[in-house]
Amino acid sequence: MKRIAIVTSGGDAPGMNAAVRAATLKAINAGCKVFGVKRGYQGLITGEIVELNSMAVSGILHLGGTILHSARCPEFKTKEGQEKALANLEIFKIDGLVVIGGNGSFLGAKELNKMGFTTIGIPATIDNDIGCTETALGFDTAVNTALDAINKIRDTAASHDRVYVVEVMGRNAGFIALNAGLAGAAEAILIPEVEPDLDEVVKRVKANDVRGRSHSIVVVAEGVFGDPISGRALSESSAMLVATHIREKTGKDTRITILGHIQRGGSPSAVDRLLGTQFGATATELLLAGETEKMVGWNKSEITVSTMDESIASGNKVDLSLLELADLLATTY
């Protein structure tokens, strides 16, 4: 293994740059040449591959996003696109590829592996829905971004006796909503993993009024009422549906805040910087050891290694006991 490449694919996540930096420096220290693939799998197809040295990854640890850029690439899902990508890897004489991304990115890595190319995966998605790891790169930062917004929204909610419905990202997973909602003492948390009971939400809002607390915060995962990527119009957002029901049943001034992509940006937290650094270094170690189609993870406070097949098949599951705790705390008067 003399020449390795790194690609960031799918949605950006805070901590990706930390992983790029660590993987690059670890490989250079071992005598390897390192290359960065620009714009995800699209860059593999078009040959946007540049050499990375220590200066190229200097000063990037604190940056959000990805210096290698990312892009969706439907062409890579085709056999022709995969063959173009493999041809460019061969042109640059690259021996192994570190893939930083989510499940879709790992499916692409598996296709390259089937064609005889060595790949190692690093889980990176704010949705935190990747199997075989308790947390993925970007999740901690996204939760803290959402929590900061909830804290500020509560100030306005209390000042005006309003109900605020805060919609957070996560696609079809409720990790951000559950963790930010619990940490932010939300009166109700709605996640895709549990059938929403809007009448229960109304009951809690009314109970707050009765006990003299005339404002409420409801945190809603964007995928509660269906896949947000399927083309659902903004007017049909999860937050809008919940807010309309609360307004009609309580008559209270009810506002919505959709946090959107601010949750994907920003300087990574200390957790994501440390995680990205360890993930990147371990991924390079695995390549140098001749491993392939493996994914690094974080479980029980240590780095773990699993197969990409295991990761894709299992997915990550929300701890519903946290939702039970949140419900108990919100309904104890």
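The values are calculated or read from the model by the stated rules, or taken from the named source; none is laboratory data. This is a predicted model, so every value here is computed, not measured. As a convention, Cβ positions derive from the backbone with ideal geometry for all residues, glycine included, and neighbour counts pool all protein chains shown.
Listed residues 166, 201; which is touching a residue at least 12 places away in the same chain (Cβ under 8 Å), part of a helix (DSSP H, G or I) and within 20 Å of residue 252 (Cα to Cα)? Give the derivation first.
Details: 166 fails: part of a helix (DSSP H, G or I).
The match here is 201.
Taking the stretch 311-333, which residues are closer than 30 Å to residue 200 by Cβ and buried (at least 19 other Cβ atoms within 10 Å of the Cβ)? Walk me through it before giving the result.
Step one: filter the stretch 311-333 for residues closer than 30 Å to residue 200 by Cβ, giving 315-333.
Those that are closer than 30 Å to residue 200 by Cβ and buried (at least 19 other Cβ atoms within 10 Å of the Cβ): 316, 318, 323, 326, 330.
Going residue by residue through the stretch 204-215, is there one that turns out to be within 18 Å of residue 170 (Cα to Cα), outside the structural domain of residue 96 (by TED's automatic domain parsing) and in contact with a helix residue (DSSP H, G or I) (Cβ under 9 Å, 6 or more places away or on another chain)? I'd like the intermediate steps shown before the answer.
Here is the first cut: in the stretch 204-215, the ones within 18 Å of residue 170 (Cα to Cα) are none.
No, every residue in the stretch 204-215 fails to be within 18 Å of residue 170 (Cα to Cα), outside the structural domain of residue 96 (by TED's automatic domain parsing) and in contact with a helix residue (DSSP H, G or I) (Cβ under 9 Å, 6 or more places away or on another chain).
Could you go through the stretch 107-126 and let me know if any residue there is within 15 Å of the chain's Cα centre (by Cα) and over 16 Å from residue 294 (Cα atoms). Full working, then the answer.
To start, the set of residues in the stretch 107-126 that are within 15 Å of the chain's Cα centre (by Cα) comprises 121-126.
So of that shortlist, the ones also over 16 Å from residue 294 (Cα atoms) come out as 125-126.
Yes: the stretch 107-126 contains one or more residues that are within 15 Å of the chain's Cα centre (by Cα) and over 16 Å from residue 294 (Cα atoms).
Condition test on residue 87, is it in a helix (DSSP H, G or I), in contact (Cβ under 8 Å) with a residue 24 or more places away in the chain and either in the same structural domain as residue 274 (by TED's automatic domain parsing) or of a type in the set (A, V, I, L, M) (or both)? Can you show your working first?
Working: in a helix (DSSP H, G or I): yes; in contact (Cβ under 8 Å) with a residue 24 or more places away in the chain: no; either in the same structural domain as residue 274 (by TED's automatic domain parsing) or of a type in the set (A, V, I, L, M) (or both): yes.
The answer is no for residue 87.
Could you check how many residues of the stretch 311-333 are farther than 21 Å from residue 297 by Cβ and not in a helix (DSSP H, G or I)?
The qualifying residues number 3.
If residue 154 satisfies all but one of (1) modelled with pLDDT of 95 or more; (2) part of a loop (DSSP other than H, G, I, E, B), what's the number of the condition it fails?
Just one mismatch for residue 154, condition (2).
Return the residues of the stretch 286-310 that are assigned to a strand (DSSP E or B) and exposed (fewer than 14 other Cβ atoms within 10 Å of the Cβ); say none if nothing qualifies.
Of the stretch 286-310, the ones assigned to a strand (DSSP E or B) are 294-299, 302-307.
Within the stretch 286-310, 299, 302 qualify.
Can you tell me how many residues in the stretch 71-84 are modelled with pLDDT under 95 and not in a helix (DSSP H, G or I)?
Going through the stretch 71-84 one residue at a time, the tally reaches 3.
Kindly check whether there is at least one residue in the stretch 210-220 that is over 20 Å from residue 155 (Cβ atoms), in contact with a Lys or Arg (Cβ under 8 Å, 6 or more places away or on another chain) and either hydroxyl-bearing (Ser, Thr, Tyr) or crowded, with 16+ Cβ neighbours inside 10 Å (or both).
For the stretch 210-220, residues over 20 Å from residue 155 (Cβ atoms), in contact with a Lys or Arg (Cβ under 8 Å, 6 or more places away or on another chain) and either hydroxyl-bearing (Ser, Thr, Tyr) or crowded, with 16+ Cβ neighbours inside 10 Å (or both): absent.
How many of the residues making up the stretch 131-173 are closer than 30 Å to residue 210 by Cα and touching a Leu at 6+ places or on another chain (Cβ under 8 Å)? Working first, answer last.
Within the stretch 131-173, the first condition is being closer than 30 Å to residue 210 by Cα, and the residues that meet it are 146-168.
Of the ones still in play, those that are also touching a Leu at 6+ places or on another chain (Cβ under 8 Å) are 146, 149, 166-168.
Residues flagged as closer than 30 Å to residue 210 by Cα and touching a Leu at 6+ places or on another chain (Cβ under 8 Å) within the stretch 131-173 amount to 5.
State which residue is nearest to the chain's Cα centre (by Cα) when the search covers only the stretch 148-195 and only residues that are surrounded by fewer than 18 Cβ atoms within 10 Å (Cβ to Cβ) and aliphatic (A, V, I, L, M).
Only one residue tops the list, namely 183.
Would you point out which residue out of 190, 198 is touching a Pro at 6+ places or on another chain (Cβ under 6 Å) and in the same structural domain as residue 255 (by TED's automatic domain parsing)? Lay out the reasoning, then the answer.
Numbers: 198 fails: touching a Pro at 6+ places or on another chain (Cβ under 6 Å).
None of the others qualify; the one that does is 190.
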